[in-house]
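The values are calculated or read from the model by the stated rules, or taken from the named source; none is laboratory data. This one's a predicted model, so the numbers in the text were calculated from it and none came from an experiment. Cβ: placed from backbone, ideal geometry, glycine included. Neighbour counts: every protein chain shown.
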Amino acid sequence: MLTNPVLWKTVGLLCASNVFMTFAWHAHLKELSAKPWIVAALVSWGVALFEYLLQVPANRIGYTVLTLPQLKILQETITLTVFVPFALFYMKEPLKLDYLWASLCIMGAVYFIFRS
């Protein structure tokens, strides 16, 4: 499965999509906290457009070789992989052991959804 170019394309697009998603969802908390919420929402929607331009093709491509549950768990795994560095380096959140526990839970989900 790891040599499947469709899977790699899906993972690449989902990773890029998640970078945009993470910024759309959370960067306004740091960058636009003094602005009215409507400004933050509109800026976030603008950023999220790029997320969807990558995420929709990623899901369509991935669905040709993955089941819907596999695609969703893959997405959640990538989300955590993108979010933790974002929280640490961009938002300057402290490193917590909870990140490790959350990662282990997600890895368990990956194991169960991909085993066969």
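Data overview
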{"item": "Total residues in the stretch 20-67, condition small (Gly, Ala, Ser) and part of a loop (DSSP other than H, G, I, E, B)", "result": "2"}
{"item": "Condition check for Val56: modelled with pLDDT of 95 or more, within 26 Å of Ile113 (Cβ to Cβ) and in contact with a helix residue (DSSP H, G or I) (Cβ under 8 Å, 6 or more places away or on another chain)", "result": "no"}
{"item": "Within the stretch 79-115, tally of residues that are farther than 22 Å from Gly12 by Cα and touching a residue at least 24 places away in the same chain (Cβ under 8 Å)", "result": "1"}
{"item": "Residue check for Val11: in a helix (DSSP H, G or I), of a type in the set (A, V, I, L, M) and closer than 30 Å to Ser116 by Cα", "result": "yes"}
{"item": "Out of Phe114, Phe50, sole residue that is at pLDDT below 95, of a type in the set (Phe, Trp, Tyr), closer than 21 Å to Leu7 by Cα and surrounded by 13 or more Cβ atoms within 10 Å (Cβ to Cβ)", "result": "Phe114"}
{"item": "Selection within the stretch 82-111 - within 25 Å of Val6 (Cα to Cα) and either surrounded by 15 or more Cβ atoms within 10 Å (Cβ to Cβ) or of a type in the set (A, V, I, L, M, F, W, C) (or both)", "result": "Val82, Phe83, Ile106, Met107, Ala109, Val110"}
